[in-house]
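Working notes, beginning with the structure itself.
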Amino acid sequence: MAKELLVDVWSDVACPWCYVGKRRLEGALAKFPHRDDVKVTWHAFELDPGAPAVRTGDVSHVERLARKYGMSVAQAEAATKNLVDTAAKDGIAMRFDRIHGGNTFDAHRVIHLAGERGVQDAVKERLLLAYFTEGASVGEPEVLVRLASEAGLDADEVRAMLASDRFTAEVRNDERQATELGIRGVPFFVIAGRYGVSGAQPVDALLSVLTKGWDATKELETSAEGAVCGPDGCA
């Protein structure tokens, strides 16, 4: 059996550091000599599970940030600028002046569907770009249908899925796993099922853990062969 390195990532579509972390993971994978043997799976984590599908009102992102974390608007503006500048260095153009916050549960269900169809990374990327750069309301079903179809999913299938409860259990299982693993913030990377990395770490730091995970994922070596029994009988 071919060797495969599993990388499981917990993140949220509405998490700016998750976008930065995704880009840095990509940078690390670009340097990783075994890139073709890595399987990345995106898992759900809701930063604000009680949020309405679409936020309404005239409160800006900076004002909402200040209220949520008990800081002044000036402090929130400084923190936002620092994040924008950091993201720009990773090739991401964040436009917090355009953001329409809202609930991301359905977005996570779409990401699970994308996982079944083999386009999970593309859909994850499309949703992050839409939320942080284009100002799309990712809590609206038809917006999700459009974005998902642009990233490779069938629009009718996405629409039907959103009208059902498909992947609800899978999203809840992701969140339950996060609790069991003690994950309290995202992004959170689990390499080879044993090495945890919290936060949007630098490329070289992620590369180091990828290498460590690869070295720990040893293939079973058979030193000698003898008589065995299998499904078709014994030899």
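Laboratory data are not the source of any read-out in this text; all were calculated from the coordinates shown. No experiment lies behind these values; they were computed from the predicted model shown. Cβ atoms come from the backbone with ideal geometry, glycine included; neighbour counts cover every protein chain shown.
A few remarks follow.
- Formal net charge of residues neighbouring K39 (Cβ-Cβ distance under 13 Å; K, R +1; D, E -1): -3
- Proximity of backbone amide H atoms, modeled 1.01 Å from N, is registered between H43 and V9, W10, S11 at under 5 Å, excluding neighbours fewer than 5 places apart on the same chain.
- Only DSSP H runs of four or more residues enter the estimate; each adds -39500 (n - 2.57), and after division by the residues of the chain the mean residue ellipticity at 222 nm equals -15000 deg cm²/dmol.
- Antiparallel %, DSSP beta bridges [both residues in the chain], to 5: 60 percent
- Summing Cβ point charges (Lys, Arg +1; Asp, Glu -1) relative to the Cα centre of the chain gives a dipole of roughly 760 debye.
- Rg to Rh, two decimals, where segment 162-223 supplies the alpha carbon set and Rh follows Kirkwood: 1.13
- Per-residue HN-Hα couplings for segment 18-32 [Karplus 6.51, -1.76, 1.60; θ = phi - 60°; Hz; x = Gly/Pro]: 5, 5, 5, x, 4, 5, 6, 4, 4, x, 5, 5, 5, 8, 7
- Förster-model FRET efficiency, 25 Å R0, T168 and L47, C-beta, rounded to 0.05: 0.85
- Two-decimal Rg to Rh for segment 1-129 - Kirkwood Rh, Cα set: 1.02
- Taking the C-alpha atoms of segment 110-222, convex hull volume expressed per residue in Å³: 150 Å³
- Listed candidates (1) 1.84; (2) 1.16; (3) 1.03 - label of the one calculated as Cα Rg over 2.2 N^0.38 Å: (2)
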